Amino acid sequence: MLLFLNVLFPVIMGAILPLFRMKSRTLRSVYVMLITCMTSALAFYNLFSSSSDSGFVFLHLTEKAVCVLKLDDMGRLFTGLIAFLWPMAVLYSLEYMEHEGRENSFFAWYTMTYGITLGISMSGDLITLYVFYELLTLTTLPLVMHRLVNGRAAAGLKYLYYSLLGAALAFAGIMLVFFYGDSTSFTYGGVLTGLADEQKPLLRFGYLLAFLGMGVKSAVFPLHDWLPSVSVAPTPVTALLHAVAVVKAGAIAVIRVTFYAFGPALIAGTWAQAVPFCLSAFTVVFGCAMAVKEKHFKRRLAYSTVSNLSYIVMGALLLTPEGLDGALNHLIYHALMKICLFCACGAIMTRTGREYVSELHGLGHAMPVTFVTLTVAAVSLVGIPPFIGFISKWKLAQAGVLAGDFYSIIAPAALILSAILTAVYLFIPVCYAWFPAKDIPESKPEGSLDPTWRMKLPLIIWCAAILILSVYSAPLQSFISEIARGAM
Amino acid sequence: MTILMMVLTILLPAAGALALKLIPGLDGDRKRLYLMTGCVLLADCVLAAITALCGDAEWTFLRLADSLPLMLKSDMLSRFFCVFFTVMWTVPVLYSYRYMEHEGHDRRYNMFYLLTLAALNALAFSGTAVTMYLNFEMMTLLSVALVLHEMTKDAIAAGLKYLIYSIAGATMGLLGIFYLATNTNGAVFVPGGSLDASAMTVSPTVMMIILLITIVGFGTKAGMFPMHAWLPTAHPIAPAPASAVLSGVITKAGVLCILRIIFYVVGAGFIRGTWLQQTLLTLSLLTVFMGSMMAFRTDLFKKRLAYSTVSQVSYVLMGIFMLQPTALTGSLLHIIFHSTIKTTLFLAAGAIIHQTGKTKVSELEGIGKQMPVTIWCFTLASLGLIGIPPTGGFISKWNLAQGALASGTGIFSWLGPVVLLISALLTAGYLLPVTIHGFFPGKDFDYEGLQTCECHRFMLISMILCVAFVILGGMFPGAFTAFFGRIASSLM
Amino acid sequence: MALLRNVPFASILACMVISVISMVFRGRIAKVLSYLLTTVLLAASLALTWYFVQGNDAFVFTMGHFGDPWGNELRAGLLESIMAAAMSLIVLAALAGGSYMIRSEIPDGKKNLFYIMADLMLASVMALIYTNDLFTSYVFIEIATISAGGLTMSRQSGHALASTARYMIMNLVGSGLCLMGITILYGTTGHLLMGSLHSAVQSLFENGSYHLPLMASLILLTVGLSIKSGLFPFHEWLPDTYSYGVTAGSALLSSVISKGYIFLLIKLYTRVFGLEVVRASHICILLFAFGTMGLIVGSLRATQAADIRRMVSYSSIAQIGYIYIALGLGTQEGVIAAVFHMLIHAFGKSMLFLSSGALIQASGGASDFISLRGSARRDIPAGIAFTVGAMSLTGVPLLGGFVSKIYIAQAAIPRGGLYVVIVLLALAASTFLNTLYFLRTVITIYRSDANAEATRHAGPVNSLFLCAMVILNFGLGIASRPLYNALLSGLNMFI
């Protein structure tokens, strides 16, 4: 019951926000922060309470298809991540959106999205996940199309088409596993026990459809193109939603479909594993290559997200507990690193108006806090030890080596290539920022351009989280490896 | 006790860097700045010596994940490298006090100088491959500041080239570490290696391909073909004392990594006699020859010396790849002698630039008359590099050749020494003209307008110290040879 | 509650009587009478539904004391009463919610004609729902055709007249084919009453005699009714008819009449021929194939439409395709899924037509997409209604269309083989194509257009009905289980 309240509360409170017609910025800020913090608090309570283990059915669609909320360990992991990141992201956007305007409708949809995302993390079965998945597209669409400037309308349409195409494909796969499965709830190892051999090809085809469908939101090639386009949205949207909530929901969905619905036993060793795996491995390198070519900083980060998401998907598709372990590690760590990078980028854009990589010369000294956090996140993302980016890369590579067959060659090779390219596209801007060339005149901006505390504090907290986890992540890691091994 | 010493050796330079940042007023007071740096470094030399005298030790200081311990370890190789790094780092400080007058930004330079040493010492004391990788990357990131110190567009471009090549190389090395860690229980360093060839998760051919990529990757820092292109760009553009340590010391960090991978993780037995060994020998010999040729043809003085580094470090690599005790001894000897020689050469080149502004070899007519001591040091060092007895260079080359002949690697047994010989001739060809034209500028020279402009004695002291080591080491190499021989035999 | 047993007959009779009376009066009284009629019918049908839910059996109502094998019969069960209630509700909503459109688009002298035709149409649909003999079916098929033609024509514009002509031609061909089918069936079996027909057909089928005439009649009836309900490839008349008529009329045509024909077809399949005969004839495959084609073609043409009404019309073709796909599965689950989707589509499509009419009104009468920009902000309930209708037909969760998709998919999977793959892919394609045109339109109507000003609003009655229908659509999406269960037991009663 509390789970349902957790989901419903932000949705309703967000939906009624425009009705208040608030003119005062402070009042609205307080309202939004309050709702967000309350929701997060409730989420954390649910995380630790054991009553979340039992499911709460809140909707009966048909006799068999029900929508149920339930927290298993993986759900707890994702819920914790979202609940931790959201309040800080709201704080950041309170200052950021002052530059954009139309905040009433923006925060209404933003808060509603929080509820929907929690719904995804708390889903107890595949139908529920699908329902929230589609709703997520609908609530994030107005955020992308906020104020319809900068080509946001076209980006929004593209996002809509891709997402619903994905949903359409996923629906087909879900119907199949729904019909043939023993139960609909998420069960580690899949629900397709007792499947006759002649039914297996059909189910594998269904898995491929479900993978592609859910894979749209996790930006697997060739269905990734919406993500760079959506980078024209306001930064709080890109940072939290398209680097963390939406895309990680996609990754979670892929993992749920693979491990908890169709099950590795059906897919392992067949084309149904090889094809998605190769697609994700390709995306890993492709995303990085496109990021190197891209001159607009935010778009560059979007391509980086495309690549990193496929780390998670690739790890999951190794279909081993170690692979899942690495994937979940990267899910958490990348979310932290990427939200830090995007928010730092947003700070640069609002304070200096500079959007392109070539314009970043010397900004490091003018915006020290922003760039220190950006540097830490970048170093971590490239995979320099002892930072968290290295830990997840290491686990993924180890899982790859152990997987056998051609997987043990492709996975580490993709990771290595990607690491080199990541260094190229991240370290070069960072170098420009800290070491401006003497002979370029515009490289010395005057004064301190760091943003105010509302944007600085989230950046500092996330950076601190990266640093703390880099040296002390043992509890988190053992929790994740429990999930990966299937112990509930 | 040993562990404490190890940790202090690593942390002292880092603490020194922090102090340089925090203590106010150092920007204007160069004397105090360099005094502090010098003291920290001397103290570190003492610490390194003490650690060297203590025995073996091991300490896991952090666990990133269950299968991912970060470990410090003191064994013979690490103690040698630690002392080597620290001493070679201290020598140029006196020189840079005078040299950096015209460069500026001394505080930033010294901070990164000290931090890089901390990373290098940590690298020396690494106990597992992952720890080594960590410190290797840290060292790269910190030394970039040294390369792009001048902050012109060219310097920054060179710094970025260095950065990207180094990271690419280190990441290629990481690829190997991924596989080795699974197959050797965590890639902990064990003398003689711990790879069980019969129980690998991939086929031997695949493993050898991976090892090739790994070694070429770590060889980037050492300037081995095909990953050498950054070196001739980055080394010349750094300030002279930085070039000296880049060529003399940091390249050896790459060598250290290769040593660790081959002898302490994989084991020589896996590689000996295979196509992998032959490929590696080919690459290193190719680099030796190519580096010398390019040096011979370059007119820019510092660039010539950079190409020389490319060539010389591959001597070291060749000796390693022979997988033979005498050859390995020769390599280790060449590490110390090349380092001191190259330091001298770069410091001399820097002195010439500092005093006369001349950057090209063709401009150096009569330089010997203007800066006699400098050029004398240069000459003696050159002789060392060519390999004329009784300099240290001769000892190391002798060991290398002997080891090659005894290595049983077929064609390379004699090809190795032949290439070494050709390279020695080329070395003479690219180094001696400086001496010859410097002291005997020819009939057309304007003898009347000559002025001596010898550099400050501080700068000379560093150079003389190095040259003295080269000569004395060449005459009395016994202790070194014995020590390195012990290391070599423990590994094979 | 024997009184309730009169409801079927009374429904038909009342509609016919009211329509005759309305001829005498002027427009406004005709309107009031129609409202009254539909309200009363709605209440009566709901009462009848409740009667069946209580556990009573289906009953037969004989009209006119002619016995077997001629005679006229009505039969009522749970399924029929639910359909009747739904149809009455939609007619009420269309008439009341679309009253401003009727007021503005139809010339003064002809206004009462519209209501007369609507009443007649309702009569024929009620008859098609309740009928239990072939003769009555045919009579009211004809009445439905004519009344629908009248509805289309009432606008009196050139386009309307031309499209009515096309409509009449195609539909009369359809009726003719139905008549031929009925004739052959009567000739072969000698019965007109469906109950007796069923046993006769069964024995013929088991004997194997008269196999060809049996199949022929099945095919003729199917083709005839398919033409009239707009199945591919007989759909070309549909877009013109729906776009050029009065918008309220289009709502009636798309949501009520076509459903009446399909319901009759279902009745023929289940009650007269029996599903085994149908499956044996392989006509299912044809229906399935044509349904899929209609789905694709309709959706593709909808993406190309430049005018909102045309787009909604092509969407109808696609949705009819859905229904025929479900029917073409030839199983009981398929039939229930088809009926369920009929209801969802009826409620969704009528709402779409009504709201698009309101949006057109708010854009000064222009119906192309450029002019419609921002219209949702000018008429807020219409915008919301259009969005909800669009999302429902696209299959967004929490709305009826999504549940319908689940039922169709679950009906298809047991059929196995290629059916499953085609159905699932068709559902996926349909969702995607629907997004392309429907949801794109939703975005278009919400885009702000700075220079457009609010023009005549469609009125509070329209908004009220639209809001009610939005709530209904959500209800169907969230709490549809009772309805489904009712349909299930209804179908069992049906056969």
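The values are calculated or read from the model by the stated rules, or taken from the named source; none is laboratory data. Note that the structure is a prediction, hence the values are computed from the model and not measured. Here the Cβ is made from the backbone with ideal geometry for all residues, glycine too, and neighbour counts use every protein chain on show. Only protein heavy atoms, including side chains, enter the accessible area calculation; ligands, DNA and RNA are left aside. Shrake-Rupley method; radii C 1.70, N 1.55, O 1.52, S 1.80 Å.
What to note about this one:
- Computed packing ranks the peptides B:192-201, A:340-349, C:373-382 as A:340-349, C:373-382, B:192-201, most packed first, by mean other Cβ atoms within 10 Å.
- Taken over chain B, the alpha-carbon convex hull comes to 130 cubic angstrom per residue.
- Length, then width, then depth: along the principal axes, the Cα atoms of the range A:69-110 run 40, 18, 9 Å.
- With protein chains left intact and a 1.4 Å probe, residues in the range C:282-495 average 29 Å² of accessible area per residue.
- For the chain pair C and A, the interface hides roughly 3100 square angstrom of accessible area in total, found with a 1.4 Å probe.
- Distances between every pair of Cα atoms in the protein assembly as shown, grouped in 20 Å steps from 0 to the bin holding the largest one, split as 9, 30, 26, 17, 11, 5, 1, 0 percent.
- When the residues C:Y269, A:Y432 are ordered by accessible surface, computed with a 1.4 Å probe over the protein chains alone, the sequence from largest down reads A:Y432, C:Y269.
- Of A:D439, A:D225, A:D72, B:D44, the order by accessible heavy-atom surface (1.4 Å probe, DNA, RNA and ligands excluded), from most exposed downward, is A:D439, A:D225, A:D72, B:D44.
- Reach of A:K456 by Cα under 17 Å, taken over aspartates and glutamates that are not fewer than 8 positions away in the same chain: A:E95, A:E98
- Rg(Cα)/(2.2 N^0.38 Å) for the range B:1-271, N = residue count: 1.02
- Distance between modelled label sites at B:H102 and B:I436, nm, 7 Å Cα→Cβ extension: 2.9 nm
- The modelled label-to-label distance between B:Q451 and C:F135, using points 7 Å beyond Cα along the C-beta direction, is 13.3 nm.
- For the peptide C:312-322, the mean number of other protein chain Cβ atoms found within 10 angstrom of a residue's Cβ is 0.
- Neighbouring partner chain Cβ atoms per residue of B:210-217, average, 10 Å criterion: 1
- A protection proxy built from the mean count of other Cβ atoms within 10 Å ranks the segments C:278-284, C:259-265, C:436-442, most packed first, as C:259-265, C:436-442, C:278-284.
- Counting only protein heavy atoms and using a 1.4 Å probe, the accessible area of B:H149 comes to about 0 Å².
- Semi-axis lengths (Å, descending) of the ellipsoid that matches the C-alpha gyration tensor of chain C: 34, 26, 21
- Beyond 24 Å in Cα-Cα separation lie the following of the pairs A:K395/B:K161; B:K221/B:K360; B:K221/B:K342; B:K303/B:K358; B:K358/B:K397; A:K393/B:K21: A:K395/B:K161; B:K221/B:K360; B:K358/B:K397; A:K393/B:K21.
- Area accessible to solvent at B:Y133, 1.4 Å probe radius, in Å²: 10 Å²
- Per-peptide average of other Cβ atoms within 10 Å, ordering B:410-423, C:402-415, A:248-261 highest first: A:248-261, C:402-415, B:410-423
- Dividing the radius of gyration of the alpha carbons in the range B:1-99 by their Kirkwood radius gives 1.06 for Rg/Rh.
- For q = 0.22, 0.23 Å⁻¹, Debye-computed log10 I/I(0) when each Cα of the range A:81-172 counts as one equal scatterer: -1.17, -1.21
- The accessible area of C:I146, taken with all protein chains in place and a 1.4 Å probe, comes to roughly 100 Å².
- In nm, spacing of pseudo-spin labels at A:T270 and B:S489 (7 Å Cα→C-beta vector): 6.3 nm
- Per residue solvent-accessible surface (Å²) - chain A, probe of 1.4 Å: 29 Å²
- Between the range A:112-176 and the range B:136-191, the alpha-carbon center distance in angstrom: 41 Å
- Straight-line cross-link partners of B:K73 among the aspartates and glutamates, defined as a Cα under 13 Å from its Cα and at least 8 positions apart when in the same chain: B:D56, B:E58.
- With at most 16 other Cβ atoms within 10 Å, longest stretch of chain C clear of loop GluC sites (Glu not before Pro) (DSSP): C:1-235
- Hypothetical label at B:I209: residues of the range A:407-424 whose amide nitrogen lies under 14 Å (7 Å Cα-Cβ projection): A:407-414
- Using only side-chain charges placed at the Cβ, +1 for Lys and Arg and -1 for Asp and Glu, the dipole size of chain C relative to its Cα centre rounds to 980 debye.
- Pairwise centroid distance, computed over Cα atoms, of the range B:232-299 with the range C:253-319, Å: 76 Å
- Applying the Kirkwood pairwise sum to the alpha-carbon positions of the range C:282-495 produces a hydrodynamic radius of 17.5 angstrom.
- Within 10 Å of the Cβ of each residue in B:472-484, the mean number of Cβ atoms contributed by other protein chains is 0.
- Pairwise burial B:A, computed as accessible area of each alone minus the pair, summed, 1.4 Å, Å²: 3200 Å²
- Share of carbon and sulfur in the accessible area of chain A stands at 67%, probe radius 1.4 Å.
- Ordered by solvent-accessible area of protein heavy atoms (1.4 Å probe), largest first, the residues B:M227, B:M207 come out as B:M227, B:M207.
- Separation of alpha-carbon centers, the range A:251-280 and the range B:375-406, rounded to whole Å: 61 Å
- Per residue value of the accessible surface for the range B:163-320 (all protein chains in place, 1.4 Å probe), Å²: 23 Å²
- Three semi-axes describe the equivalent ellipsoid of chain A; taken as square roots of 5 times the Cα gyration tensor eigenvalues and ordered largest first, they are 34, 27, 19 Å.
- Taking all Cα-Cα distances within the range B:273-492, those exceeding 28 Å account for 31%.
- For C:N72, distant residues with modelled amide H under 5 Å away: C:M63, C:F66
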